[in-house]
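To start, the structure itself, in structure tokens.
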Amino acid sequence: MRIISGRLKGRTIQPPKNLRARPTTDFAKENLFNVLSNRIDFEGLDVLDLFAGTGSISYEFASRGAESVIAVEINTVHYNFIRQTADRYGLENLHPIKANAFLYLKNCDKRFDIIFSDAPYDLEASDRVIDLVFARELLKPEGILIFEHSKKFDFSIHAKFYGSRSYGSVQFSLFKN
């Protein structure tokens, strides 16, 4: 796992063997960030990374100059790894939070430019994140929700659906207000 761009470009992140997360592949992450970089300026963004796992997406946003990146992860080992990695690389704009992502969304009062959700593919009802984000109005007016999922899902009929990207077995559905 590596950081693709920004001030930490090229840094390799080595998660410990006991991490059970399925990180977004470097190939999929690089392509997603290429698409995003053509649409948005990362400087000054407020980002929420749900089900942060290894923190791969959080590090990428933080490295590219996001103002604030909140990484929500319930697993203690994963949370500690994200916290330690952020400290090691001086990512003062990265704020790990140990919490259940659904409960965090239900109690959140902050609005974000980007919300990224990468729930475990086998997590039942993980797509509830989409409706929770919009019901709680957690996106800023031009904000984007990026929902990573397996190929078995199609969200194209959702009222807030904005587009999708497919990179091998990794699917990203994008939603906007």
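Computed from the coordinates by the stated procedures, all read-outs in this text should not be read as laboratory data. Here the structure is a predicted model, which means the values were calculated and not measured. Every residue, glycine as well, gets a Cβ built from its backbone with ideal geometry; the counts of neighbours run over all protein chains shown.
Size of the dipole of the chain about the Cα centre, Lys and Arg at +1 and Asp and Glu at -1 on the beta carbon, nothing else charged, in debye to 20?
360
Residues with beta-carbon under 12 Å from that of residue 97, excluding residue 97: net charge, scoring Lys, Arg +1 and Asp, Glu -1?
Every neighbour counted, the sum reads +1.
Take the alpha carbon atoms of the range 43-176, find their radius of gyration, then divide it by 2.2 N^0.38 Å using N residues; give the quotient.
0.99
Please give the length that would be gained between residue 103 and residue 67 if that part of the chain were fully extended, namely 0.36 nm times their separation in residues minus their C-alpha to C-alpha distance (nm, one decimal).
10.6 nm
So, how do all the Cα-to-Cα distances of the range 10-102 break down into 5 Å bins, in percent, from 0 on up?
3, 15, 25, 26, 20, 9, 2, 0
So if each residue of separation counts as 0.36 nm, and I subtract the Cα-Cα distance between residue 166 and residue 37, what length gain in nm does that give?
44.7 nm
Could you check which residue among 58, 126, 68 shows the biggest mean-square fluctuation in a GNM of the chain with a 10 Å Cα cutoff?
Per the Cα network of the chain with a 10 Å cutoff, 126 tops the list.
Considering only 36, 139, 91, give the residue with the highest GNM mean-square fluctuation for the chain, with springs between Cα atoms whenever their separation is below 10 Å.
36
Which of the GluC sites (Glu not before Pro) found in the range 1-80 are in a DSSP loop and have at most 11 neighbouring Cβ atoms, other than their own, within 10 Å?
Answer in residue order: 43.
Out of 146, 62, 161, whose Cα points farthest toward the positive end of the dipole of the chain (charges: +1 Lys, Arg; -1 Asp, Glu; placed on Cβ)?
Highest projection toward the positive end goes to 62.
Relative contact order for the chain: what percent, with Cα pairs under 8 Å and sequence separation of 6 or more?
Averaging sequence separation for qualifying contacts and normalising by length gives 18 percent for the chain.
Given the DSSP H assignment, sum -39500 (n - 2.57) over each helix run of at least 4 residues in the chain and divide by its residue total; what's the result at 222 nm in deg cm²/dmol, nearest 500?
Result for the chain, helices only: -8000 deg cm²/dmol.
Test of understanding: in a Gaussian network model of the chain with alpha carbons linked when under 10 Å, which of 157, 13, 144 would top the mean-square fluctuation ranking?
Evaluated over the chain, the most mobile residue of the options is 157.
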